[in-house]
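What follows is a short report on a single structure.
The values are calculated or read from the model by the stated rules, or taken from the named source; none is laboratory data. Remember, it's a predicted structure, so these values are computed and weren't measured experimentally. Because the Cβ atoms are built from the backbone with ideal geometry, glycine has one as well, and the counts that use them run over all protein chains shown.
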Amino acid sequence: MTIYDVAARAGVGIATVSRTLRGSAPVAEPTRQRVLAAVAELDFRPSHAGTSLAERRHAANGIVFPDLSGPYYAEVLLGYEEAASQAGRSVIVLGTNGRPDPVGAVRDLAARVDGLVVLGRTVPDEVIGAIVDSGVPVVLLARPAVAGADALHTDNRRAAVALGEHLAHHGVRHARFLGSPEDSHDAAERWAGVHDALAARGTGLQVTGCSYDEDAGRRAAAGLLARADRPDALVCANDEIALGAIQAAEDAGLRVGVDLAVTGWDDVMAARHSRPGLTTVRQPMRTLGALAARALDDRITGTRTTPRSETLPTDLVVRASCGTH
């Protein structure tokens, strides 16, 4: 039996059958009862493909990452994919790093899905605005809001200030931030929070730019630690950079937590099991992905028609790598 058989038995169109089964839009109660009776009489078992076709939908969501490597993106994707599958939707993943035309790739994906999640500064705001104007629901993660799109963030500022105050209280005098605040909204907020907290105690925070992987962190830290005026603290934009910095310190014969403080951000699994344990900020990465999928489904189904913004809490986790626990 097909959706067309159910529609014929109930005396309605296939779109009405689809809306009744998916609950994606209101259906008059007498009509809904006729459809459900026809489903029961015909022992009809709907397929996502059939109902999506009836509603001229794809039954697929897209998610755009700056990069597809690293534990942060993996955790966000796990949460997103699990929640999307519960809503009956498949997931198409796009990484923009290394693509000759990331804008074109994102526009093409937006034309093939029911809704789109965009993480970080992968494409300019005007591209996001054009996708929203085309009628495709968009949820933004870890980037500034764009009119018409939902936006989900984690609380970078509060935790960064707490981290900076913690380091200043324990005597850090020459700190360096490893990362590229100009390329990342999250990193910019983290740098600003730690900078302001240290500045209030008379300590500066200079930036050494690097990408967000372990090898980049190791190289950037090695250059700083070889200097005569080496820093006494490396404040890293994420845990991967910090883990690389710990390796560089060990290569230089320095004791992390004694000769040098190192901090990260995210609290990925490796941070919890590193030696010494990495002081970091825990953020709900998997929850962030799941909320993005649910927010997108709300907009696709019409459950909610207005965009919303939400900020999730984070927590400072102090371990031995900063030498101040």
Practice task
Would you confirm whether any residue within segment 189-207 is among the hydroxyl-bearing types (S, T, Y) and more than 30 Å from G289 (Cβ to Cβ)?
Solution key: yes
Exercise for the section: Check segment 221-237 and report whether any residue there is under 17 Å from P66 (Cα atoms) and at pLDDT 95 or above. Expected result: yes
Exercise for the section: Could you tell me which of the residues A192, A216 is over 18 Å from P231 (Cβ atoms), without any contact (Cβ under 8 Å) to a residue 60 or more places away in the chain and among the small types (G, A, S)? Expected result: A192
Practice task
Might you let me know whether segment 266-279 holds any residue that is on the phi > 0 side of the Ramachandran plot, touching a residue at least 24 places away in the same chain (Cβ under 8 Å) and among the charged types (D, E, K, R)?
Solution key: yes
Handout entry: Among (1) within 30 Å of the chain's Cα centre (by Cα); (2) more than 18 Å from L278 (Cβ to Cβ); (3) assigned to a helix (DSSP H, G or I), the one test that G223 misses
Key = (1)
Handout entry: Candidates L198, L178, L234 - the one that is crowded, with 20+ Cβ neighbours inside 10 Å, in contact with a Gly (Cβ under 9 Å, 6 or more places away or on another chain) and more than 24 Å from V268 (Cα to Cα)
Key = L198
Fill in the blank from the handout: Inside segment 63-97, the number of residues satisfying the requirement of being on the phi > 0 side of the Ramachandran plot and surrounded by 15 or more Cβ atoms within 10 Å (Cβ to Cβ) is 1
Exercise for the section: Mind telling me which of the residues A84, A130, A74, A105 ends up being part of a helix (DSSP H, G or I) and under 23 Å from D267 (Cα atoms)? Expected result: A74
Handout entry: Residues (out of contact with any helix residue (DSSP H, G or I) (no Cβ under 7 Å at 6 or more places or on another chain) and outside any loop (DSSP other than H, G, I, E, B)) located in segment 141-153
Key = A151, H153
Exercise for the section: State all residues of segment 154-191 that are of a type in the set (A, V, I, L, M, F, W, C), over 27 Å from S309 (Cα atoms) and part of a helix (DSSP H, G or I); if no residue qualifies, say none. Expected result: L167, A168
Handout entry: Subset tally (residues that are without any contact (Cβ under 8 Å) to a residue 24 or more places away in the chain and either among the polar types (S, T, N, Q) or surrounded by fewer than 18 Cβ atoms within 10 Å (Cβ to Cβ) (or both)) for segment 112-131
Key = 5
